Amino acid sequence: MNESSLDTPVDIKTVRRLHQEGYLTDEAFRAALKVVRPPSVWFAWAERQLLFFGSALLLSGIMFFFAYNWAAMGKFIKLGMIEAGLVACALGAYKLGLHKLTGKVLLLSASVLLGILMAVYGQTYQTGADAYELFVGWAVLIFGWVVISEFAALWLFWLVLLNTGFILYWIQVVDPVHSLDDWQPIFLLLGALNGVALVLREIAVKKGFTFLDGKWLGGLLVTAVLTAFTVPAMSVIFDHHYYYGEPVSIGYAVPWPLVAVGAYLCYRRLWPNMLAVALILMNACLLVLCAIGRLMFDGHRYYYNEEILFLVFALIIIAVVSLTAFGLKKIAATMAKERTP
Amino acid sequence: MKDATLTLGELLNHPEVTPFLREDDADAIASRMEKRDEAPKDPIYIRILSGIGAWVASLFLIGFLGVSRIITDDAGAIVTGVILLATALFLAKKCTSTFPSQLSLAFAFAGNVMVVGGLMELLLHSHSSGNEMLVLLLSHAVVCTTIYILYPSVVYRFAAPLAFVIIATIWASVEVEVFWVMHILVAGEMLLLGVLLLHTRRSAFIQPLIRATATMLPATLFFMNLTQGALLDWHIWKAIPQNAMLPSTAMLAGGVIYLLSRLTGGPQQFRQPWLIVAMVATLLLGLFTTPGVLVAVGLLIAGYAFGDRALTALAYLFLPCFLVVFYYAMNVSLAQKSGMIAGSGLLLLLVRFLIQRYSVKEVEA
């Protein structure tokens, strides 16, 4: 028996595969399943997922309920119901403690209910406040809970509120009649906002705040930052005003390479993270292909046969994508080696 | 929740497993594991990049063939498509480096489109028109099945079945215009996913089809939800029945119950209190909730049970997206929607409470 191949950690997938391929009998398979994933693990998983799904559905249901215009329901009943829910959730979180997942989810629920309360209050008394005020006020009011929660989902929710408030502020205050031709700054500012959140998250993880360590959160933030900086860069590439008006300032494309190179270096050297590196390189691949396509189809179609451009561009896409995939495989292998002690 | 941390060797030497092992099982498993190490799979981000890249490149290839007027009739399209497919197969067999693989994938996509387009034109010439989408669907079914068997690309094997379901959905909504057909599509997707997950070896040959089916099931439900009412003032269906989603909800509830019973080891486990609670809750969900909730729950269970993180991620991605789409579903009032969603949430939390009590008792026992 080769010992080294049996030194690999075993998971449920491996056990199932070995059974399917006939290496384990039905009895051995059932016994192995119980060892690898005992009922206690199944129960713990089910409790966690039921809590997440159940709470998400219940909170969504409450939102739907108050979005329906209940003409027959008095304002005190409406506000009272939400307040009761809010207080119950906050007290529940306090009683259970924030070291427990249930406590954290209850605090998240209280945070959501606070926003619903503010929305219903604004709807009932017609306060005349702009929508951005609701989201910014909501984010400000729950900030204390967010800080003490040690719960990544609540931090993400808070960031979503800030993003929404920021977008609405731009639409309702900075450019209420949509008169500005330059809409790119809002994306750059959103990129900066989420970029700061990303850097703070990485520093916090390094400092030992493990609750922010989830791969999903890092991936989501990197995607948000890259998307926000990519949109202005794309607008420079596909500048429709170029032929008949003021061109889009090339300055809007400048932050993207700076951010992409900076992020690449950080995630390659400082905080090694293959998923982030892959997202950055795939994003770069997209922008490079868009730039080449724009140059080819707009710059040279009068000089060459258009059909040749189609063929050449197809080959360029394949070449650039292959190069990116090749590079990613190499980097992944190198990073895996670097991780091995 | 993480599984117990064990190496394969420790598992095989575990006192609860060892009695059931045959004499040479451990050696056979060791050599099997060595083989697995020799052929590592591309990470998912590379597969996504390759798939999108090849698909866009194939569009430009088709654009080249179309604009250059190399192909003037249906027979020409079929012949060119077959040549592209043959080249794709040749490249896939002979070359392993990245560029030829990518080129091969682009040729496969372009070849598929050319052959299907050519077949469609050919069949429509000899028959009356009005069934274009059905002809397209059948042509793609034939081509996709053939290429799926012959062409060993994970990306193609994922994308081609997806295209089949998309064409089927367009056919149902454009040519048939009967909402019931969508329930049949949901039933087909659910059965296929169940059979593939529970009754096949889930080899590399099957795995992309599992992922494609798992992706299309929620996507079909999105479409059904969005088109129950007028979609941007466009009435897709001839008529929408009362409780339009009920058949799919009932079928999916049955599917989740079957999944639970199979995963727990069959009818002999039906006396377990927690399983009874889970099954009753699923039945109740089948009576009043929206099918989106059941699909999310089903994918979550399947993802965890089979250790397939893609299915788990799909469940987590699908639920919030579905809730947003459901909010805009036109033929149900917000009050009803609120009842369905909040009721489902309460039910799941109740199940959690009961399971928690049961698991505490188990631990104490």
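Taking 0.36 nm per residue of separation and subtracting the current Cα-Cα distance, fully stretching the chain between B:Glu132 and B:Ile184 would add 16.7 nm. Principal semi-axes of the equivalent ellipsoid, √(5λ) from the alpha carbon gyration tensor of segment B:227-365, are 31, 16, 15 Å from largest down. Computed from the C-beta positions of B:Asp73 and A:Glu21 and an R0 of 51 Å, the FRET efficiency is 0.60 to the nearest 0.05. From the largest down, the protein assembly as shown spans 79, 73, 62 angstrom on the principal axes of its Cα atoms.
Per-residue ellipticity at 222 nm from helix content only, as computed over the protein assembly as shown with -39500 (n - 2.57) for each DSSP H run of at least four residues, stands at -25000 deg cm²/dmol. Centroid-to-centroid, using Cα positions, segment A:1-59 and segment B:70-105 are 41 Å apart.
Return the whole-Å distance between the Cα centroid of segment A:122-178 and the Cα centroid of segment B:176-204. Result: 42 Å between the Cα centres. Summing Lys and Arg as +1 and Asp and Glu as -1 over all other residues whose Cβ lies under 13 Å from the Cβ of A:Tyr125 gives a net charge of +2. Label positions at B:Val280 and A:Arg48, each projected 7 Å from the Cα along the C-beta direction, are separated by 2.8 nm.
Counting only Cβ charges, +1 for Lys and Arg and -1 for Asp and Glu, the dipole size of segment A:1-117 around its Cα centre is about 500 debye.
Dipole check for segment A:74-180: with +1 at the C-beta of Lys and Arg, -1 at the C-beta of Asp and Glu, and the Cα centre as origin, the magnitude is about 440 Debye.
Peptide B:299-305 is shielded by partner chain Cβ atoms: per residue, an average of 3 of them sit within 10 Å of its Cβ.
Pairwise Cα separations in segment A:202-341 fall into 10 Å bins from 0 onward with the following percentages, short to long: 10, 31, 31, 18, 8, 2.
Taking every alpha-carbon pair within segment B:137-284, the share separated by more than 24 Å comes to 43 percent. Taking 16 Å as the straight-line reach from the Cα of A:Lys104, the aspartates and glutamates in range (excluding those fewer than 8 positions away in the same chain) are A:Glu47, A:Glu150.
Among A:His178, B:His183, sorting on how many other beta-carbon atoms sit within 10 Å of each Cβ, with the fewest leading, yields A:His178, B:His183. Spherically averaged projected area of the convex hull of Cα atoms, chain A: 26.6 nm².
Legend: residue pairs A:Lys329/B:Lys94; B:Lys41/B:Lys93; A:Lys75/A:Lys95; A:Lys215/A:Lys329, Cα-Cα distance threshold 22 Å; pairs beyond threshold, A:Lys75/A:Lys95. Of the three principal axes defined by the Cα atoms of segment A:74-180, the extents in descending order read 51, 35, 14 Å.
Bridgeable aspartates and glutamates around A:Lys330 (alpha carbons under 20 Å apart, same-chain partners fewer than 8 residues away excluded): A:Glu338, B:Asp37, B:Glu38, B:Asp42. Expressed as a fraction of 2.2 N^0.38 Å, the C-alpha radius of gyration for chain B is 1.16.
For segment A:181-341, the Cβ-based charge dipole about the Cα centre amounts to some 1060 debye (Lys, Arg positive; Asp, Glu negative; other atoms uncharged).
A straight line joining the Cα centroids of segment B:278-305 and segment A:220-238 runs 37 Å.
With semi-axes defined as the square roots of five times the eigenvalues of the C-alpha gyration tensor, the equivalent ellipsoid of segment A:258-322 measures 32, 12, 6 Å, largest first.
Take each residue in B:14-25, count the other chain C-beta atoms within 10 Å of its C-beta, and the mean is 5. Across segment B:162-225, Cα-Cα distances exceeding 20 Å account for 27% of all pairs.
Just so you know, all these numbers are worked out from the coordinates, no wet-lab data involved. It should be emphasised that the depicted structure is a prediction, and the values quoted were computed from it without experimental measurement. Please note: Cβ atoms are built from the backbone with ideal geometry, for glycine as well, and neighbour counts cover all protein chains shown.
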